[in-house]
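Engineer: First, the structure itself, so that you have it in front of you.
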Amino acid sequence: MLFYALAAGVLFGLYFTLVGLGLNLVFGVMRIVNLAHGDFLMLGAYLACWLFARFGLHPLAAAPIAALLFLVLGWPLYYLLVARLLKSRDAEMLSLILFFGLSQLIEALSAITFGASERSIPGSVLGRGPVVVFGAALPYPWLFGAGLSGLSAGAVYLFLYRSRTGMLMRAVMESREEALASGIDIHRVSAAAFAIGIGLAGLAGVLAPFMLGSVTPSIGMGVNLTAFTVIVLGTLGDPLGTILGGIIYGLSLMLMQTYLSSWADLLPSLMLVGVLLVFPRGLLAPSGQAGADFWQPGTLQPARGGRGTVGRRLALAAALLAAVGLGPLLYSNQLLLFNFVIFLALAQGLNLLYGFTGYLPFGYAGFFGAGAYGFALAVMHLRLGAELALICAGVAALGLGLLLTPLLRLSGAYFAIANLAAAQAVYQVVSNPALEGVTRGPYGVSLSGVFAPQESYAAAALVLAGALGLVIWLQSSRFGLGLRAIRDDPLSAALAGIAVVARRTMVWLLSALVAGLAGAAFAWHISVFYPEAPFDIAITMYAIVFVLFGGSATLGGPVLGVLVLYGLYNAIGITTPQYSQLIYGGLVVVLALFLPDGLASLPQRLGLRGA
Amino acid sequence: MAREKTALLRVEGLVKRFGGFRALDRLSFQLARGEALGLVGPNGSGKTTCINVITGVYRPDGGTVLFEDRSANGLAPHLLARRGINRTFQSPRPFASLTVRENLEVAAAHGGPDGPRSDLQALLAWLDLDAVGERLAAHLTSAQQKMLDLGRALATAPKLLLVDELAAGLTPAELERVARRLRSLVEQGVALLVVEHLLGFLDRLADRVIVMNAGREIFQGTLKAAARDPLVREVFLGRA
């Protein structure tokens, strides 16, 4: 049993080395995070399935085809997206947003093109029956996966250490500035690394139907989290460290599946969060100056915030709340109105954190879900009325926020990814069949006993009022001025006497509270839902898009974002979720590339207003 | 300078390691109110690390820092700032998106040991920044940003001010003004620790100097005496 777990762990882990290898190469050379890596892998898997179904092509023959094809596709993609991205002030952060959009775009396009049903290739194609090694029966595909991974890692090693371009690539990984100064054509080297990264994703994808059992268009994000876990374990930016990361990951997964099977799915997210917190730079990285990182000034241009006075902001908030109050009298689609209010609140809640501290919470939906389930559990188990259950929801979101407060020690992309993984972990706990007695697991909850559409609408409106109030407070108070100072330079802010950590933590908790209470209002209003609904990553995506579209750190920006984009979305009457995902994914890409500071920055960009 | 000189800052056996490298190796010294101490030494000798440890950027790996006879070891920078320890940076780090005045307001609002100072207009004038008070800090010249860095520190009314390479890149006329300003702070009773390469500038300011090499003190005394010290000469000029 143990031997089986160990052998399987190493083989499985080697496959995940291949999954992470390309991602790590891209990060190492460009310091950007390709959140669409898993989606390229998914496309590789579909290619293999198609080649097998159409031409009966053996996956091992499909492998070089996929690798080459994706390599060739990656090249122009670099010049289309990444070259522009690298010119921006904070490429790492912006890359997260851009590739997040691209990931959604690819997923939606694939769902539209291939359908959402599962694809697979019969395992027998790669050899019948298991291979028996010292009494452990291991499936053939795992051997192929491990073998292909070993070959690829060897090829990458030879390329990096024996070829001229590889040598230049290592120089760029070592220090981009110095490479630039010594006349290396950074774009050519980066394009090569990006293309190889995409090629490796395609190659890994060919074996995905075997290693993951089957593929659907939505596997991308899960694969990404796993790939991140692997490369963070093996040290970010060190492609060969990925081998170590893959093996550690594979071993832990197999041991967990052997001895604690129902919780094994939690492993990637928990490991990712855990490792990032304990070894923020990976297991192989020297821990030397980790503390000094904390004080590095943010590179994102802090938004100046709106120019309006407190009076104008209060007037805007009052007008918005009046519209929310009158809405139900003028318009009959209550659910749509309710969704508007929820998204207005969520966008402002995310704006609190992102706009005023620069932390981008990719797992924001986790708080929304925690609030929804805090409310549901209080109603189901404590038999509380809705009002008290709302308080419990707030406490649940704050509790989760407190639990995740150590994440604030991470910066930029690390924080965003760790937060995403943490939210994923919460979802996996809540929806775990083993917890059916507590959360009803994947079967969803029904709160019809407290169903009250008007009251829950009013609750959502109150949450919105609170969120608007918080934003106005941060825009016009000394507390908010301190936050802007922290965003500009945390060390100077500390020397000005500002308690940097405490102040960030406070905004983080307030932002979590807004999402949690919004989630509670959602649970109350919907009253019957599955765990997927409140934990949907699309919720985070929408909130991010609305804030980015309108402009963060402003009051009107996120409001504008919700009204225009969510309004547009409903006006067009897009009923298929894939199409909205497609449009929003595309919009995120365009915003990240051309208007990273939102519409509110447009007049300034066009030179209509002085600096 | 009839003021009685009691030790405001006592540094005893300070050690700071980065991996296997000892950036500070059992450094000890004292600094009194109204005293200006210079810290000199070749690049990498540990001068800036010393400032970083005293201001809480790094936690020391050994030794103690006593400020007003209370331990200041490993406290967060904002707590040290509130107790009266502040600094400037080699390359200034102002709040770029805030105006010059807001830069000082933020520091004044969160205060130093005796509560925030209220005379920000006077401070701006003293720093020759009164004409650019409403300008964004990002749009200042680098000499102005240095003054703003100093202003941000002074807005918290520090008792101990650590100045890291303030003179580099300033014109002779600016140097003269800055030296006079710092000297007047010392005369008001502020303790000054100055890391400086420009020895002429340091000579105008510091009552005595510590010469550092490889994280250790190799000399303590007046700058003139330092120039005659054989070990100091060896470190600076190489073995003759």
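Engineer: Specify the residue that is modelled with the lowest pLDDT; the eligible residues are those in region A:517-565 that are hydroxyl-bearing (Ser, Thr, Tyr) and either part of a helix (DSSP H, G or I) or within 30 Å of A:GLY441 (Cβ to Cβ) (or both).
Structural biologist: A:TYR542
Engineer: With A:ALA91, A:ALA116 as the choices, which residue is loosely packed, with under 15 Cβ neighbours inside 10 Å and touching a helix residue (DSSP H, G or I) at 6+ places or on another chain (Cβ under 9 Å)?
Structural biologist: Of the residues listed, the single one that is loosely packed, with under 15 Cβ neighbours inside 10 Å and touching a helix residue (DSSP H, G or I) at 6+ places or on another chain (Cβ under 9 Å) is A:ALA116.
Engineer: Here is a further query. Just checking, which of B:LEU192, B:LEU185 is buried (at least 22 other Cβ atoms within 10 Å of the Cβ), touching a residue at least 12 places away in the same chain (Cβ under 8 Å) and within 21 Å of B:VAL11 (Cβ to Cβ)?
Structural biologist: B:LEU192
Engineer: Mind checking whether some residue in region B:101-111 is in a loop (DSSP other than H, G, I, E, B), at the interface with chain A (Cβ under 8 Å from one of its Cβ atoms) and closer than 20 Å to B:ALA157 by Cα?
Structural biologist: yes
Engineer: Where residues in region B:66-78 are surrounded by fewer than 22 Cβ atoms within 10 Å (Cβ to Cβ) and aliphatic (A, V, I, L, M), which of them is nearest to B:LEU27 (Cα to Cα)?
Structural biologist: For region B:66-78, the residue satisfying everything is B:LEU66.
Engineer: A further question on this structure: Out of the residues in region B:149-161 meeting the condition of being more than 10 Å from chain A (Cβ to nearest Cβ) and hydrophobic (A, V, I, L, M, F, W, C), tell me which one is farthest from B:ILE85 (Cα to Cα).
Structural biologist: B:LEU150
Engineer: Another question, if that's okay. Counting only residues that are within 8 Å of chain A (Cβ to nearest Cβ) and closer than 17 Å to B:ARG82 by Cα, how many does region B:55-69 have?
Structural biologist: 3
Engineer: Here's a check for you: in region B:8-54, which residue that is within 12 Å of chain A (Cβ to nearest Cβ) and part of a loop (DSSP other than H, G, I, E, B) is surrounded by the most Cβ atoms within 10 Å (Cβ to Cβ)?
Structural biologist: Applying the filter and picking the extreme gives B:GLY19.
Engineer: Another one. Among (1) assigned to a helix (DSSP H, G or I); (2) surrounded by fewer than 21 Cβ atoms within 10 Å (Cβ to Cβ); (3) touching a residue at least 40 places away in the same chain (Cβ under 8 Å), which single condition is B:ALA226 missing?
Structural biologist: (2)
Engineer: Within region A:566-586, is even one residue more than 18 Å from A:SER218 (Cβ to Cβ), touching a residue at least 60 places away in the same chain (Cβ under 8 Å) and either part of a loop (DSSP other than H, G, I, E, B) or acidic (Asp, Glu) (or both)?
Structural biologist: No; the residues of region A:566-586 include none that is more than 18 Å from A:SER218 (Cβ to Cβ), touching a residue at least 60 places away in the same chain (Cβ under 8 Å) and either part of a loop (DSSP other than H, G, I, E, B) or acidic (Asp, Glu) (or both).
Engineer: Of all residues in region B:135-144, how many are in contact with a helix residue (DSSP H, G or I) (Cβ under 7 Å, 6 or more places away or on another chain), more than 9 Å from chain A (Cβ to nearest Cβ) and part of a helix (DSSP H, G or I)?
Structural biologist: Residues meeting the conditions: 2.
Engineer: If you scan region A:355-408, which residues turn out to be surrounded by 22 or more Cβ atoms within 10 Å (Cβ to Cβ) and on the phi > 0 side of the Ramachandran plot?
Structural biologist: A:GLY358
Engineer: Given the conditions (1) touching a strand residue (DSSP E or B) at 6+ places or on another chain (Cβ under 6 Å); (2) in a loop (DSSP other than H, G, I, E, B); (3) not aromatic (Phe, Trp, Tyr), which single one is not true for A:VAL33?
Structural biologist: That leaves (1) as the condition not met.
Engineer: Within region B:70-85, can you find the residues that are at the interface with chain A (Cβ under 8 Å from one of its Cβ atoms) and over 18 Å from the mean Cα position of the chain (by Cα)?
Structural biologist: none
Engineer: When you scan region A:388-498 for helices (runs of 4 or more DSSP H) that lie fully inside it, which ones turn up with 2 or more residues that are over 25 Å from the mean Cα position of the chain (by Cα) and either modelled with pLDDT of 90 or more or away from every other protein chain (no Cβ under 14 Å) (or both)?
Structural biologist: Answer list for region A:388-498: A:436-439, A:453-476, A:478-488, A:490-495.
Engineer: Does any residue of region B:166-177 turn out to be touching a residue at least 60 places away in the same chain (Cβ under 8 Å) and outside the structural domain of B:GLU35 (by TED's automatic domain parsing)?
Structural biologist: Among the residues of region B:166-177, not one is touching a residue at least 60 places away in the same chain (Cβ under 8 Å) and outside the structural domain of B:GLU35 (by TED's automatic domain parsing), which makes the answer no.
Engineer: Taking region A:239-248 on its own, how many of its residues are surrounded by 21 or more Cβ atoms within 10 Å (Cβ to Cβ) and either not in a helix (DSSP H, G or I) or not assigned by TED's automatic domain parsing to the domain that holds A:GLY150 (or both)?
Structural biologist: 1
Engineer: Related question: With the requirement that a residue be surrounded by fewer than 24 Cβ atoms within 10 Å (Cβ to Cβ) and of a type in the set (A, V, I, L, M), what does region A:35-58 give you?
Structural biologist: A:LEU47, A:LEU51, A:ALA53, A:LEU57
Engineer: So, one more: Could you check, for region B:86-100, whether at least one of its residues is in a helix (DSSP H, G or I) and either at pLDDT below 90 or within 10 Å of another protein chain (Cβ to nearest Cβ) (or both)?
Structural biologist: No - not one qualifying residue is present in region B:86-100.
Engineer: Same structure, new question: A:LEU105 - would you say it is surrounded by 18 or more Cβ atoms within 10 Å (Cβ to Cβ) and assigned to a helix (DSSP H, G or I)?
Structural biologist: Answer is yes for this residue.
Engineer: List, please: which pairs have Cβ atoms under 9 Å, are six or more places apart or on different chains, and start with a residue in region A:109-130 that is in a helix (DSSP H, G or I) and end with one that is charged (D, E, K, R)?
Structural biologist: Close Cβ pairs satisfying both conditions: A:SER110/A:ASP39.
Engineer: State yes or no: is A:MET167 among the aliphatic types (A, V, I, L, M), touching a helix residue (DSSP H, G or I) at 6+ places or on another chain (Cβ under 8 Å), assigned by TED's automatic domain parsing to the domain that holds A:GLY222 and touching a residue at least 24 places away in the same chain (Cβ under 8 Å)?
Structural biologist: The answer is no for A:MET167.
The values are calculated or read from the model by the stated rules, or taken from the named source; none is laboratory data. Note that this is a predicted model, so its numbers are computed, not measured. Backbone-built Cβ (ideal geometry, glycine too); neighbour counts: all protein chains shown.
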